[in-house]
Amino acid sequence: MNESNSRRPPVDPAEAAAFGRPSDVTGGFDARHTPDSRQGRAAEQGPVGNHGDGAVGGAMGGAQPPESLSEAFGRPTGADDVGLQRPSDAPEDLTVSIPESPLWGDENEPWRDPDSGVALGRPALGAAEDETPSVEHARSAMLSLPEVLFGRRVKPRSLLALALVALVVGACGGVIGWGAATLGGSLGGELHVAEAEAGKERAPGSIADIASEVAPAVVSVEVGAGDSGGLGSGVVVDSDGYILTNHHVVAMATQNDKADITTVFTDGSRVSAKIVGTDPKTDLAVLKVDVDDPVVVEVGSSDDLQPGDSVIAIGSPFGLSNTVTSGIVSAVNRPISAPGEDGLPPVTFDAIQTDAPINPGNSGGALVDSTGALVGINSLIRTVGGGQGQGGSIGLGFAIPVDQAIEVAEALIENGEVEHAQLGVNAASVASYSSAGARIKNVVDDGPADKAGIREGDIVQKVGDRQVRDAAELTVAVRAHDVGEVVPVTLVRKDRELTVDVKLAGD
C-alpha cells in the first residue's frame with residue numbers, strides 16, 4: 001500500500017462485498033452503462049444473477065434506468081469518466097479549485113469556521129446600506145355604491161327601477177307644490193277650518209256638566225263707595241231678579257246711601273242692583289236686579305245632606321269670577337258664630353261645613369250638590385293667622401243651609417226684615433275646650449227665660465230635642481223654633497239637672 005492509500009481507513013470485507021465497487025470498475029460510474037454501450041454491455045453479461053461475484057455487478061449494472069432519469073441525472077455525452085472520489089493515484093497536494101460563490105463574502109466569516117462561537121450576524125446576502133427593502137401589499141378591490149348600500153343584494157335592474165320611482169315621486173311632488181303656490185293666492189286669503197264635534201265627553205252629573213248649568217245663575221257682586229269697595233258673589237233664586245247673597249258683602253251699601261251695587265253675569269253684562277233687605281244675625285241679604293228671564297238656580301234641600309256628600313262651590317274668590325271648586329260635606333248642623341259688622345250683633349247660624357276650597361270673594365256664592373241643586377250659601381271660612389275674611393282656605397269653609405236661607409229670603413222679600421225666636425239671655429260657652437254646654441251670664445228682665453225661672457249661672461245642655469254644647473249652639477237651637485212656641489229647656493243648676501218650659505219671644 002502506497003503512502004496515499006495509508007490515509008484511508010481499513011474496509012470491512014463483508015461491507016466491501018455488499019457495497020463496494022465491482023472488481024472490474026475503477027471509476028465513480030460504471031463506464032459500461034453509458035448511453036452508447038448500455039444495450040451492448042447488457043447483452044454481453046447475459047442473464048442477471050447467473051454468476052457469483054458478477055451477480056452484484058450484473059444486478060447493478062444490468063438494471064437499465066429510465067430514459068428521463070438518465071437525461072436528468074446522467075453524465076453528459078463525451079464527458080470524462082471521473083468519479084466523485086479522489087483517484088488513489090492522485091498526488092498528495094491535489095487541490096480542488098472551487099470557484100468563488102456569489103453567496104460567499106469574506107472567507108473569514110464565522111459561519112464558515114467550524115471552531116467559531118455561536119453569534120448573530122448580518123445575513124449572507126444583506127441589503128445595500130442605502131437601500132431599504134420594501135414590501136408591497138396587494139390592494140383589495142374597491143366597493144361600488146350598490147355594494148355599500150345594499151350589500152350586493154340588489155340587482156342593478158332593481159336599483160334602476162327604484163331610482164326611476166323616486167324620480168317620478170319627486171316630480172309629482174314638485175308639480176303639486178307649484179300648483180298650490182300658484183293657485184293659493186296671496187297670504188291674506190280666507191282660512192277655512194273644518195269644524196268637528198267636541199272630543200271631550202262630559203257625562204251627565206259630572207262637575208263640568210253641573211258647573212255649566214249652575215254658573216249662569218251665579219253673579220259677581222261689586223260694591224263701591226268713593227275710593228272704597230268690596231267684592232263678593234250672589235245667586236239668582238227667582239225669575240223676578242232676586243239675588244241671595246251675604247250681608248257682609250253689601251254691608252257698606254247699607255250704611256252709605258251713595259254706595260253703588262253692580263252685579264256681573266257670566267256673559268259679562270253689568271246690571272245695577274238694589275238692596276231688598278238684610279239679616280245681619282244670619283249674614284244674609286237679598287238684592288233685586290232688572291233682568292229679563294234670568295237663569296235661576298234650582299233650589300234643593302239642605303236637610304238631605306250627610307257628611308261625605310259631594311258638593312261644588314261656585315263664586316268669585318279674590319275677584320276671579322266663575323271659579324269652580326269641589327269637595328265634600330265635612331259636617332252638618334255645625335253652629336258657627338262670628339263678630340258682626342260695625343257693632344252689629346254676632347253672626348250665628350247652623351252651618352254646612354265643607355272642605356271645598358272657599359276664599360274671600362266666594363261669600364254669597366252657591367254651594368250645590370251632585371245634582372246641581374243649591375244646598376247652601378257660602379259665608380265664612382276659618383284661617384290660620386288671619387282675621388275674619390282674611391287669609392286663604394285651609395279646608396274649613398262654612399255655608400248657610402239653603403232651607404234656612406230661603407226662609408230668611410222670603411221674609412225679607414215680604415217684610416223687609418226677619419224675626420228670630422230668642423230666649424232672653426246672654427250666654428257663653430262653659431269652656432273653649434269643652435262641650436259641656438252654655439253658661440247663662442245674665443237674664444233679661446221679664447224675658448222668656450226670666451219668666452221660666454232660669455237664673456244666672458245655670459248651664460243649658462238641651463233645647464227641645466237638640467243638645468247644646470256651647471253658646472253658639474244655644475242660639476241656633478232656639479232659632480230653630482218659631483216665635484211664641486213653648487219648648488222644654490234642660491239645664492244644670494248646682495250639680496242638679498232640671499227641665500223648664502220656655503215660651504220663646506221674638507227679637
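Points to keep in mind about this one:
- Restricting attention to region 210-247, the residues that are in contact with a Phe, Trp or Tyr (Cβ under 7 Å, 6 or more places away or on another chain) and either of a type in the set (Lys, Arg) or under 16 Å from Thr278 (Cα atoms) (or both) add up to 0.
Let's see how each residue does on (1) in a strand (DSSP E or B); (2) farther than 23 Å from Asp403 by Cα; (3) at pLDDT 95 or above:
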| residue | (1), (2), (3) |
| --- | --- |
| Thr266 | no, yes, no |
| Thr282 | no, no, no |
| Pro294 | no, no, no |
| Asp303 | no, no, no |
| Ile312 | yes, no, yes |
| Thr325 | yes, no, yes |
| Ser330 | yes, no, yes |
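- Sole residue being of a type in the set (Asp, Glu) and surrounded by 15 or more Cβ atoms within 10 Å (Cβ to Cβ), chosen from Asp238, Asp209, Asp290, Asp257: Asp238
- Set side by side, the residues Ser435, Ser429 differ, and just one is outside the structural domain of Leu244 (by TED's automatic domain parsing), surrounded by fewer than 18 Cβ atoms within 10 Å (Cβ to Cβ), hydroxyl-bearing (Ser, Thr, Tyr) and touching an Asp or Glu at 6+ places or on another chain (Cβ under 8 Å), which is Ser435.
- With respect to the conditions (1) out of contact with any helix residue (DSSP H, G or I) (no Cβ under 6 Å at 6 or more places or on another chain); (2) part of a helix (DSSP H, G or I); (3) of a type in the set (Gly, Ala, Ser), Ser239 lacks only one, and its number is (2).
- Val478 closer than 25 Å to Asp283 by Cα and assigned to a loop (DSSP other than H, G, I, E, B): no
- Any chance Ala356 is surrounded by fewer than 21 Cβ atoms within 10 Å (Cβ to Cβ), among the aliphatic types (A, V, I, L, M), assigned by TED's automatic domain parsing to the domain that holds Val219 and more than 25 Å from Tyr242 (Cα to Cα): no
- In the set Asp446, Asp450, Asp458, only one residue is among the charged types (D, E, K, R), touching a Leu at 6+ places or on another chain (Cβ under 9 Å) and not assigned by TED's automatic domain parsing to the domain that holds Lys281; that residue is Asp458.
- Filter result for the condition that a residue is surrounded by 21 or more Cβ atoms within 10 Å (Cβ to Cβ) and not assigned by TED's automatic domain parsing to the domain that holds Val289, over Arg466, Arg479: Arg479
- Residue in region 406-417 that is crowded, with 17+ Cβ neighbours inside 10 Å and of a type outside the set (A, V, I, L, M) present: no
The values are calculated or read from the model by the stated rules, or taken from the named source; none is laboratory data. Note that the coordinates shown come from a computational prediction; the quantities given were computed from them, not determined experimentally. No Cβ is skipped: glycine too gets one built from the backbone with ideal geometry, and neighbour counts run over all protein chains shown.
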